[in-house]
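Structure, as structure tokens:
Values in this text are rule-based calculations from the coordinates and carry no lab data. Every value quoted in this text rests on a predicted model; they were computed, and no experiment measured them. Cβ atoms come from the backbone with ideal geometry, glycine included; neighbour counts cover every protein chain shown.
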Amino acid sequence: MNQARPLAARMRPTGLDEFVGQEEIVGPGRLLRRAIEADQLTSVIFWGPPGSGKTTLAEIVAQTTGRNFRTLSAVSSGISDIREIISFAKDEWKFYNRRTVIFIDEIHRFNKTQQDALLPAVEDGTVTLIGATTENPFFEVNAALLSRSRIFRLQPLSEDAVLLLLRRAIGDARGLADYRLRVDEAALLHWASVCGGDIRSAYNALELAAMTTPPDEQGSRHIDLAIAEESIQRRNVSYDKKGDCHYDVISAFIKSMRGSDPDATLHWLARMTEAGEAPEFIARRIIICAAEDVGLADPFALTLAVSAAEAVHYVGWPEARIALAEAAVYVATAPKSNAAYLGIDAAIGDLYDKPFSGVPIHLRDTSYRGAKQLGHGKGYKYPHDYEGHYVKQQYMPREFEDKLYYHPTTNGREARVHEWLTKLRIKKKKLDK
């Protein structure tokens, strides 16, 4: 046993039978498992969070394949390294009829030129690519390379899977069996919960606790919850301001406000604030949601959202979170209407479907010299001169006279608008007869 190697490296499975988790892709009968077992793996990208098994799966391929297996780290490798392996792969195929698999860890760190250098060899089968990335490959990997690879999405390990692996490491000769550990269940549960599905983080905590806990008179080491809490860092908030998580979280935040769930709204807001998301970005989304999804059911929602954006400008982090929370919760709990949003989009759509004869003459501007000589404003009726401050007259262009774009809901304040507008439209119809 090489104790100099980290526990995570020592406990890495050597075959699929030891692999824990990711049953959706490597469970019995699944495509990836069949391909690995038959040594028929085509180019793949393993996409998942740290400690979910991407590198382990690649090493299992290395252990089981009959093909050459070469490894590159995108952090420290360049085009010359890629070309060297491709040249080797061509010779291996030409002289020995042997294919080559190339594993590239953190492939998202390769720039476009480096990724392009791989493309011809992947395309003609000179190499089979296994890429590993924590970032969304649809953002970070060239489309041409993606089209020649199959993406497998790995999820964070479940707490049950982490517990199984920790218990295995405690009693395994490759792991910490020599330490004769007695680990309280509460300690194991704490690691499984706090690691966030990252088995490497849990292994590191277990190993640190084992190495720093002195043995008792019998030579065993007792690890309780207090030791477990000291040995693992507070879980990092899973959030990447430049990746897909950025868009997924803001999408969930907006949909939670739209769906009138203030608790979920605060959860997603907390995730963004703790990750250091730009408060201006969050404020803009609250403003948009207030206008689009609350609308005239509660017009004050937009006022409050704009005020929160102003507050963000003045106070910044961390106090900005309070103003954002107030506005976001208000929007989430306000009555909802998207009638104005639907109305403007319907009106925009009609602009491209119908001809336009111009602004009706009685509605045209009369503020400049000569306007009246052109007939502008002739026949215009000033509504305030009439009973109820309303008089029927044409406001729409002639081609659009029959169009109704605004259909108010009966939610919140808009219910009053609905009642008033319904009566007004009935009155207009009667006047048409």
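May I ask you to order 363-370, 201-208 by the average number of other C-beta atoms within 10 Å around their residues, highest value first?
Numbers: 363-370: 10.9, 201-208: 23.5.
Peptide ranking by packing, descending: 201-208, 363-370.
What is the local net charge at Gln373, summed over the other residues whose Cβ is closer than 14 Å to its Cβ (Lys, Arg +1; Asp, Glu -1)? Don't jump to the answer; show the numbers that get you there.
On the way: positive: Arg364, Arg369, Lys372, Lys378; negative: Asp365.
In short, +3.
Quick check: net charge around Arg284, other residues with Cβ under 14 Å of its Cβ, Lys/Arg +1 and Asp/Glu -1? Don't skip to the end; give the middle numbers.
On the way: positive: Arg285; negative: Glu277, Glu280, Glu292, Glu310.
Taking every other residue near Arg284 into account, the sum is -3.
Can you give the local net charge around Thr42? Use residues other than it whose beta-carbon is closer than 9 angstrom to its beta-carbon, Lys and Arg +1, Asp and Glu -1. Don't jump to the answer; show the numbers that get you there.
Numbers: positive: Arg148, Arg150; negative: none.
Net local charge, Thr42 excluded: +2.
Quick check: residue separation of Lys392 and Gln155 times 0.36 nm, minus the Cα distance between them. What number comes out in nm?
The Lys392-Gln155 span can extend by a further 79.0 nm.
Give Lys255/Lys423; Lys112/Lys255; Lys354/Lys378; Lys372/Lys423; Lys255/Lys427 a once-over and call out the pairs whose C-alpha atoms are over 31 Å from each other. If you can, show how the numbers build up before the last one.
Working: Lys255/Lys423 34 Å; Lys112/Lys255 34 Å; Lys354/Lys378 26 Å; Lys372/Lys423 35 Å; Lys255/Lys427 39 Å.
Distance filter (> 31 Å) returns Lys255/Lys423; Lys112/Lys255; Lys372/Lys423; Lys255/Lys427.
What ranking do 389-399, 306-316 get when scored by the average of other Cβ atoms within 10 Å per residue, highest first?
On the way: 389-399: 12.4, 306-316: 16.2.
In descending order of packing, they fall as 306-316, 389-399.
Under a Cβ-only charge scheme (Lys and Arg +1, Asp and Glu -1), can you give me the dipole magnitude of the stretch 251-365 about the Cα centre, in debye to the nearest 20? Before the final figure, lay out each step's value.
Working: 9 positive and 15 negative charges, 28 e Å.
The calculated dipole for the stretch 251-365 is roughly 140 debye.
Taking every pair of Cα atoms in the stretch 244-333, average 1/r, invert it to obtain the Kirkwood radius, and report Rg/Rh to two decimals. Provide the component values of the computation, followed by the final result.
Working: Rg = 11.6 Å, Rh = 12.4 Å.
Radius of gyration over Kirkwood radius for the stretch 244-333 works out to 0.93.
Which log10 I(q)/I(0) values, to two decimals, does the stretch 22-153 give at q = 0.11, 0.14, 0.15 Å⁻¹ under the Debye formula with one point per Cα?
For the stretch 22-153 at q = 0.11, 0.14, 0.15 Å⁻¹, log10 I(q)/I(0) is -0.35, -0.57, -0.66.
Once amide H atoms are built 1.01 Å from N in the peptide plane, which residues 5 or more positions from Phe69, or in another chain, come under 5 Å H to H?
Excluding prolines and chain starts, which carry no amide H, the hits are Val101.
How much of the pair distance distribution for the chain lies past 28 Å, counting alpha-carbon pairs only, in percent?
68 percent
In nm, give the distance between the simple-model label positions of Glu326 and Ala186, each being 7 Å from the Cα along the Cα-to-Cβ direction.
So the label points at Glu326 and Ala186 sit 4.1 nm apart.
Quickly rank 46-56, 129-139, 87-97 as a protection proxy: mean count of other C-beta atoms within 10 Å, highest first.
Working: 46-56: 22.8, 129-139: 20.8, 87-97: 13.3.
Most protected by this proxy first, the peptides run 46-56, 129-139, 87-97.
Just subtract the alpha-carbon distance of Phe139 and Ser76 from 0.36 nm times their residue separation and send over the number in nm, one decimal. Spell out each step's value before the answer.
Values: separation 63, 0.36 × 63 = 22.68 nm, distance 2.12 nm.
Computed gain between Phe139 and Ser76 is 20.6 nm.
Treating only the Cβ atoms of Lys and Arg (+1) and Asp and Glu (-1) as charged, compute the dipole magnitude of the stretch 50-203 about its Cα centre; round to the nearest 20 debye.
Working: 19 positive and 19 negative charges, 83 e Å.
So the magnitude is around 400 debye.
Assign unit charges at the C-beta atoms only (+1 for Lys and Arg, -1 for Asp and Glu), then state the dipole size of the chain relative to its Cα centre in Debye, rounded to the nearest 20.
That gives a dipole near 2000 debye.
Name the residue from Ala264, Phe300, Ser87 whose Cα lies farthest towards the positive end of the charge dipole of the chain, charges +1 on Cβ of Lys and Arg and -1 on Cβ of Asp and Glu.
So the residue furthest toward the plus end is Phe300.
Between Lys427 and Ala173, what length comes free when the chain is fully extended (0.36 nm per residue of separation minus the Cα-Cα distance, one decimal in nm)? Please list the in-between numbers first.
Details: separation 254, 0.36 × 254 = 91.44 nm, distance 8.80 nm.
Here the segment from Lys427 to Ala173 would lengthen by 82.6 nm.
Describe numerically, in nm with one decimal, the distance between label points set 7 Å from Cα along Cα→Cβ at Glu37 and at Asp345.
Taking the two extended label points, one gets 4.8 nm.
Quick one: if you stick a label point 7 Å off each Cα along the C-beta vector at Glu401 and Lys378, how many nm between them?
Distance between the two pseudo-spin positions: 1.9 nm.
No solvent, one uniform scatterer per C-alpha: report log10 I(q)/I(0) for the stretch 159-231 via the Debye equation at q = 0.22, 0.23 1/Å, two decimals.
-0.90, -0.98
Report the percentage of all Cα-Cα pairs in the stretch 355-432 whose separation exceeds 19 Å, rounded to a whole percent.
Working: 1606 of 3003 pairs.
The calculated P(r) of the stretch 355-432 puts 53 percent of pairs beyond 19 Å.
For Val44, enumerate residues with amide H under 5 Å from its amide H, sequence gap 5+ or separate chain, H modeled in the peptide plane.
Amide H neighbours of Val44: Leu129, Ile130, Gly131, Arg150.
Taking every DSSP beta bridge with both residues inside the chain, roughly what % is antiparallel (nearest 5)? Show your work: numbers first, answer last.
Numbers: 0 of 23 bridges.
Of the beta bridges lying entirely in the chain, close to 0 percent run antiparallel.
Among Ile232, Ala173, Ser149, pick out the residue whose Cα is farthest towards the positive end of the charge dipole of the chain, where Lys and Arg carry +1 and Asp and Glu carry -1 on C-beta, about the Cα centre.
Projecting each Cα onto the dipole axis, the largest value belongs to Ser149.
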